[in-house]
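Asker: Can you read through this structure? Questions will come right after.
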Amino acid sequence: MKRKSTRSNNSGQALIIASLVITMLLLSTVYYVFEINKDGLKDEMTFEYAFLATKLSATNAITSALANISNGGEPTVLLTDLNKLASVIRNHYYETKCDLSSIPLNVTPYQDGIRISWNSNGSGITSAYVDFVMNFSELSTQYDSEYSTNITTTLNIEGTSAGSGNVKSVNVTCRMYNEGEPALANSIRLFYQNETEGSWTVVDLSNNLNTIDYGNGTYFMSFNVYAQNSFQISARSQDLRDIFVVANTTCSFV
């Protein structure tokens, strides 16, 4: 399935800008802490604070890039944004040297740090995985850290149908997860596809669509369609981070 092309860059670019603004605010605070401790930065907690601020900034950059890519942006956005972030961090410190190196994961199913698995097995995954090496140094003091960041949006879908003839009553349950934990969806749109047809048909109010939001990342939807005994259902969703994900499944007849 092709990635969504509408709204391809707007939400992702807005998140990139927001991420860099947050980065500057965080690093400004860290620099202030460095300034008031410029006797040698011997307090390890000062480095720890700088590490946490930089790690949060990197997480924001990955999240914004993944939103951009999943909505139709180029996969190269991830490395481009991480390089921009590293440059901002490197140039922001004066009396202290800070280097942030990023290595996007290139082990199957990831390519250049990105995994987009929108298959027909009832589960869709949009994910980014990056390894980082961070180094703070000042005079005789040095602080090093290696860590990994994984941002993953998962959408699971289950569907059943019942009814005689070509009119089917369909029940669909969707579950959204962020990093394996239940998460809220910003939007969910349903489509269906008959076995003999190549195009997807949107499910809307004309299908008597009814949605129940349980408030915990689980969504129950019921509707009517003209369909054969076996047909495909597709759920296309964005989480609250604007990360787009698609999950497809074959609707079973009960």
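The values are calculated or read from the model by the stated rules, or taken from the named source; none is laboratory data. From a predicted model like this one, the values you see are computed outputs, not experimental measurements. Neighbour counts run over all protein chains shown; Cβ positions are idealised from the backbone, glycine included.
Asker: Which one is nearest to the chain's Cα centre (by Cα) among residues in the range 169-209 that are touching a residue at least 60 places away in the same chain (Cβ under 8 Å) and within 12 Å of Ser222 (Cα to Cα)?
Answerer: Only one residue fits best here, namely Cys174.
Asker: Continuing with this model, one more query. Please specify each residue of the range 114-168 satisfying the condition of being over 30 Å from Leu79 (Cα atoms) and among the basic types (Lys, Arg).
Answerer: Across the range 114-168, the qualifying residue is only Lys168.
Asker: Scanning the range 193-241 for residues that are surrounded by 13 or more Cβ atoms within 10 Å (Cβ to Cβ) and acidic (Asp, Glu), which turns out modelled with the lowest pLDDT?
Answerer: Glu197
Asker: In the range 86-129, which residue that is surrounded by 19 or more Cβ atoms within 10 Å (Cβ to Cβ), within 21 Å of the chain's Cα centre (by Cα) and of a type in the set (A, V, I, L, M) is modelled with the lowest pLDDT?
Answerer: Per the criteria, the residue is Ala86.
Asker: What strands (runs of 3 or more DSSP E), lying completely within the range 151-219, carry at least 3 residues that are within 22 Å of Asn71 (Cβ to Cβ) and out of contact with any Gly (no Cβ under 9 Å at 6 or more places or on another chain)?
Answerer: 185-194
Asker: Checking Asn224 against (1) under 27 Å from Ile243 (Cα atoms); (2) touching a helix residue (DSSP H, G or I) at 6+ places or on another chain (Cβ under 7 Å), only one condition comes out false. Which one?
Answerer: It fails just one condition, (1).
Asker: Related question: Could you please find all residues in the range 126-150 being of a type outside the set (Ser, Thr, Tyr) and outside any strand (DSSP E or B)?
Answerer: Leu139, the sole residue that qualifies.
Asker: May I pose another question? In the range 242-251, which residue that is surrounded by 22 or more Cβ atoms within 10 Å (Cβ to Cβ) and not acidic (Asp, Glu) is nearest to Trp200 (Cα to Cα)?
Answerer: That would be Asn248.
Asker: On to the next question. In this structure, is Asn150 out of contact with any Leu (no Cβ under 7 Å at 6 or more places or on another chain), of a type outside the set (Lys, Arg) and surrounded by fewer than 16 Cβ atoms within 10 Å (Cβ to Cβ)?
Answerer: Against the criterion (out of contact with any Leu (no Cβ under 7 Å at 6 or more places or on another chain), of a type outside the set (Lys, Arg) and surrounded by fewer than 16 Cβ atoms within 10 Å (Cβ to Cβ)), Asn150 does not qualify.
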